[in-house]
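Okay, structure first, notes after.
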C-alpha cells in the first residue's frame with residue numbers, strides 16, 4: 001500500500017465501484033418544511049401527544065400503539081387494532097424514517113407528515129375521535145397541553161393544524177441514519193460482510209432498484225407531495241395473488257377513484273425492513289424471506305433460489321439502523337377527573 | 001426568634017403538633033424482598049417486559065397499557081380494555097407506589113408484586129396469553145430477551161418466576177416520595193397551603209384515617225402478604241349504593257369464597273389519588289369530589305359540606321408526587337419475522 005495515499009482516501013476509492021453501481025446515497029439531513037421548523041419545545045409537545053392514548057375515543061389508542069417507537073416503529077401485527085377492539089385493513093407502516101417519504105400512508109393519500117397526523121385520530125377503526133373539533137376539545141381539557149401549545153405556537157395556539165405540526169416535528173426526530181449500509185455508503189467497505197455484499201449485488205442484478213432506489217430505498221428523490229407508486233402485483237397471475245390476497249385491496253384507487261390507480265401502492269422503504277414483519281399492505285407475508293420471494297416473482301417475474309433469498313435478506317438486514325435514545329414523556333394530568341368519557345353501557 | 005435555636009430545628013418543633021396528629025409518616029425506603037434484590041440489569045429487563053405488548057395474545061396490550069407510567073400509573077378509564085377489545089370489570093390501580101402495598105389487586109389476591117405480575121398476562125380479558133408456558137415460549141423467541149434473562153438470573157434463567165421478578169424490580173423504582181405532603185411530613189411546614197392544612201384537619205376529624213393511615217395512606221404497616229381490608233359500603237343503604245353500583249361486585253369474596261369477605265376491598269392508597277380518576281373498584285365515580293362525598297357517607301355516615309369536600313380534595317392534591325424521569329426502553333427485535341401470531345379469520 002502506497003504511503004502517499006492516506007488509508008481513508010484509499011478506502012473511499014476502493015468503495016467507489018460498488019457505490020457507483022448502488023443507487024442509494026447516504027441518508028441526507030431530514031427535510032424540514034419551512035412552515036414547521038423544529039424546536040425542542042415543539043418536539044417535546046409532539047412526543048407527549050404521540051404517546052397519549054387519551055386522545056382516542058375510548059382512551060386506549062395512541063399514535064405509539066400502532067407505530068411503537070420502542071421497537072421498530074410499527075406494531076408487529078398484520079393489521080392494526082383500534083378503539084373498541086376494531087381491526088384495520090392495512091398493516092401499520094413504520095414511523096422511523098417516514099420523514100424521508102414524499103407522501104404518507106400506503107396509498108399516498110397524505111402529502112406530508114403533518115397531513116398524515118390528522119388522519120388516524122378521527123378514523124373510526126383507529127383512534128375513533130368524532131372529528132377534529134372533538135380532538136381539540138379533548139386536548140383542551142388538559143391545562144398542561146394548552147400551556148404548551150401557547151408557548152410553542154402563540155396565544156390561541158391549540159388547533160388541529162398545530163397538533164399535527166407538533167406530532168410531525170417529533171416524528172422528524174425518528175430517523176436511523178446509522179446502519180451498516182449507511183456506514184458502507186459513506187465509505188466504510190468493512191461495514192458489510194460478504195453475504196451482505198452478495199445480497200446487494202443480487203438486488204442490483206434482479207432489478208429491485210427499479211423501484212427501491214433513493215436514499216430511503218423507496219424511490220427517486222421527488223418533491224414532497226409527489227408519490228412514487230407501483231402496481232402490486234405488477235405481473236399478476238402467480239399463485240401468490242390468491243395465497244396472500246394481493247388484489248382485493250384496490251390500493252391508491254380507493255383514495256383517487258381512478259381506475260388507473262387500481263392496486264397501485266406507494267413503494268415502501270427498506271430502512272429497518274428486517275424488523276417490520278409481517279409484510280405487505282395487508283401484512284399477509286409472515287417472513288422477510290417470503291416477502292422477498294413474492295416480490296421477485298410478482299414484480300420482476302423471477303424465481304429466486306434459496307441462496308439468493310438468504311443473501312438478499314442479509315443485505316436488507318444491513319439497513320437496520322441505530323434507534324435514537326429518548327427520554328420517556330410525561331403526559332399532562334388533570335386533577336380530580338378523567339378526560340376519557342365513560343363507556344356506553 | 002431566639003438565635004440559639006437553629007431555624008431548621010424551630011421549623012421541626014413548629015411542625016410537630018400537626019405531625020403528631022397525622023398518622024402518616026414520611027414514605028420509607030422501598031421494601032425489597034431478600035430473594036429479589038434490585039440490580040440495574042434486572043430493572044432494565046423488567047422495564048422492557050413491562051412495555052412490551054407482544055407478550056399478549058394479539059400483541060396489543062402491555063402492562064403499561066393499563067398502568068401507564070407516563071401519566072399517573074393507571075389508564076384514565078373506569079375499567080380497562082384488554083385483548084380483542086374485551087373490557088375488564090375493575091378499574092386498574094396505579095402502579096406508582098404499589099411497592100408499598102402489602103397485598104396487590106383490589107381484592108388482595110396476590111401477596112407480592114411478583115405474584116401480581118403473573119396474573120394479567122394470562123387473564124383472558126387482559127393480556128390473554130393461554131398460560132405461563134405460552135408467555136415463556138413467546139419471550140423465548142426473542143434472543144435479546146433470552147440473553148438478558150441469562151445475564152440477570154443465570155443459565156436457563158428464562159422462567160415465569162424470573163419474568164415476575166424482573167417486572168417487580170422495575171415496579172419498585174416507580175415511587176413518588178417527593179410530594180408537598182412528604183415535604184411537610186419531613187418538617188417543611190410551608191409545603192402545604194392553608195386550604196390543604198384545613199383539609200388535612202377535616203380528614204382527621206372525619207375519621208378517614210381509621211383506614212387511610214400509614215405511610216402510603218393505605219392502612220397500618222403490616223407484613224407483606226397481610227392485607228388491610230374494609231367493607232365498602234360499610235354503611236349500606238344510601239342512594240350511592242345504586243347510583244354507583246357499589247355492591248354487585250362481591251370483592252374479596254370472589255377470591256376467598258368466604259361470605260365474610262363479601263364487598264371487602266383492600267384499602268387503596270391515597271398517593272397521587274388526585275391523578276387517578278375515575279374512582280372506586282368499578283371506576284364509577286367520575287370525580288375526586290364525588291368520591292370523597294361518597295366515602296364520607298358510605299364509610300363514616302357523614303354528609304360533608306361543599307367547603308369540606310373542597311378542602312379535603314385540596315389536601316389529597318398535596319399527595320401528588322414527583323414522578324421519576326425515565327429513559328424509554330428499547331425492546332428486543334427479531335429479524336425477518338414477528339412473534340405475534342396472525343389473527344384468526
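The values are calculated or read from the model by the stated rules, or taken from the named source; none is laboratory data. Fair warning: this is a prediction, and the values are worked out from it, not measured in the lab. Note: ideal-geometry Cβ built from the backbone for every residue, glycine included; neighbour counts use all protein chains shown.
At a glance:
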read-out: Residue in segment B:252-261 that is under 20 Å from the mean Cα position of the chain (by Cα) and modelled with pLDDT of 95 or more present; value: yes
read-out: In segment A:61-75, the residues that are free of Cβ contacts under 8 Å to residues at least 60 places away in the same chain, in contact with a strand residue (DSSP E or B) (Cβ under 9 Å, 6 or more places away or on another chain) and not in a loop (DSSP other than H, G, I, E, B); value: A:65
read-out: Flag if residue B:117 is crowded, with 20+ Cβ neighbours inside 10 Å, at pLDDT below 95 and assigned by TED's automatic domain parsing to the domain that holds residue B:165; value: no
read-out: Single residue of B:240, B:244 found to be more than 24 Å from the chain's Cα centre (by Cα) and within 17 Å of residue B:291 (Cα to Cα); value: B:240
read-out: Residue in segment A:236-267 that is surrounded by the fewest Cβ atoms within 10 Å (Cβ to Cβ), counting only those that are touching a residue at least 60 places away in the same chain (Cβ under 8 Å) and more than 22 Å from residue A:101 (Cβ to Cβ); value: A:236
read-out: Selection from segment A:91-118 of residues that are closer than 19 Å to residue A:135 by Cβ and in contact with a strand residue (DSSP E or B) (Cβ under 6 Å, 6 or more places away or on another chain); value: A:104, A:110, A:116
read-out: Filter result for residue B:78 (assigned to a loop (DSSP other than H, G, I, E, B), closer than 22 Å to residue B:51 by Cβ and within 9 Å of chain A (Cβ to nearest Cβ)); value: no
read-out: Odd one out for residue A:222, checked against (1) touching a helix residue (DSSP H, G or I) at 6+ places or on another chain (Cβ under 8 Å); (2) in contact (Cβ under 8 Å) with a residue 40 or more places away in the chain; value: (1)
read-out: Subset of segment A:289-310 [within 9 Å of chain B (Cβ to nearest Cβ), touching a helix residue (DSSP H, G or I) at 6+ places or on another chain (Cβ under 6 Å) and within 19 Å of residue A:230 (Cβ to Cβ)]; value: none
read-out: Residue B:125 vs. criteria touching a helix residue (DSSP H, G or I) at 6+ places or on another chain (Cβ under 9 Å) and not in a loop (DSSP other than H, G, I, E, B); value: no
read-out: Enumeration of residues in segment A:189-207 that are touching a helix residue (DSSP H, G or I) at 6+ places or on another chain (Cβ under 7 Å) and more than 14 Å from residue A:322 (Cβ to Cβ); value: A:189, A:192, A:195, A:196, A:198, A:199, A:200, A:202, A:203, A:204, A:206, A:207
read-out: Qualifying positions in segment B:251-266 - part of a loop (DSSP other than H, G, I, E, B) and closer than 21 Å to residue B:211 by Cα; value: B:262, B:263
read-out: Some residue of segment A:175-185 being within 26 Å of the chain's Cα centre (by Cα), on the phi > 0 side of the Ramachandran plot and buried (at least 19 other Cβ atoms within 10 Å of the Cβ); value: no
read-out: Residue selected from segment B:38-60 under the condition more than 9 Å from chain A (Cβ to nearest Cβ) and assigned to a loop (DSSP other than H, G, I, E, B), by the criterion surrounded by the fewest Cβ atoms within 10 Å (Cβ to Cβ); value: B:39
read-out: Hits in segment A:311-327 (condition: within 7 Å of chain B (Cβ to nearest Cβ) and either in contact (Cβ under 8 Å) with a residue 40 or more places away in the chain or in a helix (DSSP H, G or I) (or both)); value: A:313, A:317, A:323, A:326
read-out: Sole exception among (1) more than 7 Å from chain B (Cβ to nearest Cβ); (2) at pLDDT below 95 for residue A:342, by number; value: (1)
